[in-house]
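Bear in mind that the values in this text are calculations on the coordinates, not laboratory data. Please read all numbers here as calculations on a predicted model, not as lab measurements. Virtual Cβ from ideal backbone geometry, glycine too; neighbours counted across all protein chains shown.
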Amino acid sequence: MSADPLRAFFSKAAAYLRHPRFQEAEVGYKLRFQGELRPAMEAYRTGDASALAQLTAALRSPNQNMIDWRVVQPLLDWCERRSSNARRALKSLWFGNGSLDKRVRRFVAELGAAGMSQPGAQLSITSTLLMGLSAKQYPPIRTQRFGVVFGEADYPPFQRDQDASVRYAHALRFLDSLIGRAPTYGVRLRHRLEAQGVVWCLGRGWKGYPRLSGATG
């Protein structure tokens, strides 16, 4: 490891940010997903009978690749079978009183009670649903990708005993740290979603593209 691991990290980050594919591949479609999720949020807020159909359409959209397809169906099954519980949990996550941390903890607990107990799945579900509020402020979090990049950025890793709510807060702090430190290395990250896109790229998310250069693939 170099004397300043962040210099090497941000050099690679800059290469991806300059890539002509980056904005569409890491930002554009996630903003479109935000727009697709918002009708479902409004339907759940108002009690509209179309809420589950709207949520299903959003989670099965081509713009939704943040939650593994094997996890989407159990989530939708819960929303259908335990519709009252799911509606209450989703409304609390999106519109409830209290801090974001508290709302996330409550929602993660509901997922666990519904049988979705794996922290990685809970984290991807919760963070993806929060994109409806603002994808730039609440980007999707995937445990594996962030785990790879924590080491490259000399940042504390997730701990085995951390639940999904703690990991979510930890990941957001990491993104904020990247945004704050980037200018020192001549890099500009405009918001958390761009920072998350860099994490995805450096976490081996771009198959077929060089990780260490700015050359187009």
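Quick notes on this structure:
- Under 18 Å from K30, Cα to Cα: aspartates and glutamates that are on another chain or at least 8 residues apart: D68, E194
- With each label modelled as a point 7 angstrom along the Cα→C-beta vector, the A49-R188 pair spans 5.1 nm.
- Taking all Cα pairs closer than 8 Å and separated by 6 or more residues, the relative contact order of segment 99-217 comes to 25 percent.
- Nearest 10 degrees, 0 to 90: helix 69-81 Cα axis against the chain principal axis: 20 degrees
- Over all pairs of different C-alpha atoms in segment 35-90, the reciprocal of the mean inverse distance, the Kirkwood hydrodynamic radius, equals 11.3 Å.
- Once the Cα-Cα distance is subtracted from the 0.36 nm per residue extended length, the Q118 to D163 segment shows a gain of 15.3 nm.
- Counting 0.36 nm for each residue step from D101 to R204 and taking away their Cα separation leaves a gain of 34.2 nm.
- By the compact-protein rule of thumb, 2.2 N^0.38 Å, the alpha-carbon radius of gyration of the chain corresponds to a ratio of 1.04.
- The distance between label points at E80 and R21 comes to 3.6 nm (points 7 Å beyond Cα on the Cα→Cβ vector).
- With respect to the chain, whose longest principal axis is taken over its alpha-carbon atoms, helix 100-113 is tilted by about 60°.
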